[in-house]
Amino acid sequence: MSQPACGLSAVELHRSLFEPSWYNSLLQEQQVAYACAAEKVYNLIDSGTDSNSDDSYQGFAPLLLRSSFHSSGSYDHGSGTGGSNGGTIFHSAELEDSQNGCISTATDKLYELFHGSSSIPLADTVVIAGVVALDTMNFPRMDLIQMSGGRFDLTNIAFRDRLPSPDDNPMQQFMEQYNLDTDELVALIGGGHEFGAAHGLCSGYVGQWTTSPLSWSENEFFPDLVKDDWEWYEVCTYEDGISSFTVIPDPFANGLPEEEEEEEHGEDHDVCAVASNQEPKICEEQAVRLCSIPDGSSYSPDNPPCSPLIMRLKSDFFLKADPELLPSAEKFAVDSNLLAEKFGIAYHKLTHNGLGRCGLSGHGCGRGFDCSHKINKSTGRYKFSACVGSRNNVFGGRRKGGQGGERRRKRRQQQRN
């Protein structure tokens with residue numbers, strides 16, 4: 001059955017999703033356009049459309065949320081480039097980044113819903129989708145993630161190799177890259193992993209982080225993470241979707257593991273290859289809890305070793321193994337309200353990084369204006385950018401009238417005389 005036409009009534013219905021000062025500054029038709037964009041995402045989620053049949057739940061919200069993470073996760077605070085502003089997550093060159101496995105399932109759906117709209121840039125829709133997804137999954141601090149729009153869609157730009165690796169310590173790079181503090185970084189990772197699941201053919205990892213992947217739980221990720229009954233496996237997934245599990249030593253048994261160079265998948269995995277009589281498509285290491293899996297056993301997506309299969313990534317384990325991150329993880333394990341607060345702050349910061357910039361991968365400047373970038377002289381890092389005109393007017397047109405204009409006219413007259 002087709003959905004009824006969206007109109008002015010949607011503005012009041014969905015107003016709370018948007019940052020008030022920005023939303024109230026829009027023309028009425030723009031307010032309707034953004035509210036109706038949110039309505040389309042709600043309808044998609046409510047329709048029961050499934051993003052992946054290889055998990056234990058049916059729904060689209062977790063993948064929409066993940067897509068907003070990946071779209072915004074290309075931002076680099078040092079250079080001021082990347083992020084959701086620019087809509088580059090819709091470009092094939094960026095979607096082909098190995099860290100963006102199966103994100104195209106979401107971006108294709110958003111493109112289908114919004115392509116051709118003259119009112120909403122695609123760059124804004126991916127953030128709208130993330131905010132709506134959090135609302136449908138009962139995130140308790142929606143007041144902290146109200147979005148502002150105004151992003152721009154750009155062509156012929158893609159950002160690759162900027163996303164966090166599931167195998168590495170996130171602190172080493174991404175606090176600075178995303179302009180987050182320690183609590184915010186830890187909350188962003190753990191809070192994001194309250195939802196959804198990993199799929200072997202998408203990322204190489206298998207299982208879900210919590211028992212309620214479609215809802216913000218009563219703080220399940222961190223209390224489970226700090227427990228010590230996790231078992232480690234190398235999981236190899238094959239083209240037919242079968243995954244084999246090989247027991248491996250705990251990589252954190254002797255403290256923080258050294259980072260390893262990425263290896264080509266399908267090589268040096270003889271044990272896995274025997275199980276499926278073919279080379280694996282991808283192999284990754286992950287931890288599993290409360291599930292005894294026989295060494296070398298194999299399972300199809302519709303017959304996992306446990307249901308649900310609760311897992312953690314290496315990057316999750318760094319949150320408790322790194323002494324600089326552990327205090328935050330321990331705080332969140334006992335205080336779900338604090339976790340929701342810090343996650344909301346961090347998510348808003350992540351999705352709005354680079355929103356107001358000009359040039360780089362932001363919007364351009366009008367005639368008579370140049371994009372001026374402000375750089376921190378002591379660090380050399382990007383601070384902000386502004387459209388500056390010949391009269392040094394920022395983010396606006398030329399002044400008309402007033403005492404300043406009169407004084408300038410008098411000076412010009414005196415010069416001519």
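If we scan the stretch 192-201, do we find a residue that is in a helix (DSSP H, G or I) and either modelled with pLDDT of 95 or more or open to solvent by less than 40 Å² (accessible area, probe 1.4 Å) (or both)?
Yes - at least one qualifying residue is present in the stretch 192-201.
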Unique match (being hydrophobic (A, V, I, L, M, F, W, C), within 23 Å of SER68 (Cα to Cα) and modelled with pLDDT of 70 or more) among ALA386, ALA346: ALA346
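Table: residues versus (1) in a helix (DSSP H, G or I); (2) under 20 Å from ALA123 (Cβ atoms).
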{"site": "ARG15", "(1), (2)": "yes, no"}
{"site": "TYR34", "(1), (2)": "yes, yes"}
{"site": "ASP50", "(1), (2)": "no, no"}
{"site": "SER53", "(1), (2)": "no, no"}
{"site": "TYR57", "(1), (2)": "no, no"}
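Would you check which residues across the stretch 206-235 are assigned to a helix (DSSP H, G or I) and either among the small types (Gly, Ala, Ser) or open to solvent by 10 Å² or more (accessible area, probe 1.4 Å) (or both) and list them?
So the first thing to find is which residues in the stretch 206-235 are assigned to a helix (DSSP H, G or I), and the list is 221-225.
Hits for the stretch 206-235 are PRO223, ASP224.
So in the stretch 172-185, with the set limited to residues that are crowded, with 19+ Cβ neighbours inside 10 Å and in contact (Cβ under 8 Å) with a residue 60 or more places away in the chain, which one is nearest to PHE317 (Cα to Cα)?
In this case the residue turns out to be LEU185.
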Test: residue in the stretch 125-132 that is at pLDDT 95 or above, in a helix (DSSP H, G or I) and more than 14 Å from the chain's Cα centre (by Cα): no
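Among the candidates GLY78, GLY83, single out the residue that is open to solvent by less than 10 Å² (accessible area, probe 1.4 Å), under 25 Å from PRO170 (Cβ atoms), within 21 Å of the chain's Cα centre (by Cα) and not acidic (Asp, Glu). Write out each step before concluding.
Details: GLY78 fails: open to solvent by less than 10 Å² (accessible area, probe 1.4 Å).
Checking each option against the conditions leaves just GLY83.
Considering only residues of the stretch 99-109 that are open to solvent by 10 Å² or more (accessible area, probe 1.4 Å), in a helix (DSSP H, G or I) and touching a residue at least 24 places away in the same chain (Cβ under 8 Å), which is nearest to TYR347 (Cα to Cα)? Walk me through how you get there before you give the answer.
Going residue by residue through the stretch 99-109, those that are open to solvent by 10 Å² or more (accessible area, probe 1.4 Å) are 99, 101-102, 104-105, 108-109.
Okay, now just the ones that are also in a helix (DSSP H, G or I), so 99, 104-105, 108-109.
Filter again for touching a residue at least 24 places away in the same chain (Cβ under 8 Å), leaving 99, 105, 109.
Working: GLN99: 19, THR105: 22, LYS109: 22 Å.
Among them, the one singled out is GLN99.
Looking for whichever is open to solvent by 30 Å² or more (accessible area, probe 1.4 Å) and either under 22 Å from SER203 (Cβ atoms) or of a type in the set (S, T, N, Q) (or both) here; the options are GLU112, GLU39, GLU96. Which one fits?
Numbers: GLU112 fails: either under 22 Å from SER203 (Cβ atoms) or of a type in the set (S, T, N, Q) (or both); GLU39 fails: either under 22 Å from SER203 (Cβ atoms) or of a type in the set (S, T, N, Q) (or both).
The match here is GLU96.
Please determine whether any residue of the stretch 173-186 is within 28 Å of SER307 (Cβ to Cβ) and in contact with a Phe, Trp or Tyr (Cβ under 8 Å, 6 or more places away or on another chain). Walk me through it before giving the result.
Start the filter on the stretch 173-186 by keeping residues that are within 28 Å of SER307 (Cβ to Cβ), which leaves none.
The answer is no, given that none of the residues of the stretch 173-186 is within 28 Å of SER307 (Cβ to Cβ) and in contact with a Phe, Trp or Tyr (Cβ under 8 Å, 6 or more places away or on another chain).
The values are calculated or read from the model by the stated rules, or taken from the named source; none is laboratory data. Everything numeric here is computed off the predicted structure, so don't read it as measured data. Cβ coordinates were reconstructed from backbone atoms using ideal geometry, including for glycine residues, and neighbour counts include every protein chain displayed. What goes into the accessible areas is simple: the full protein's heavy atoms, side chains included, and nothing from ligands, DNA or RNA. Shrake-Rupley method; radii C 1.70, N 1.55, O 1.52, S 1.80 Å.
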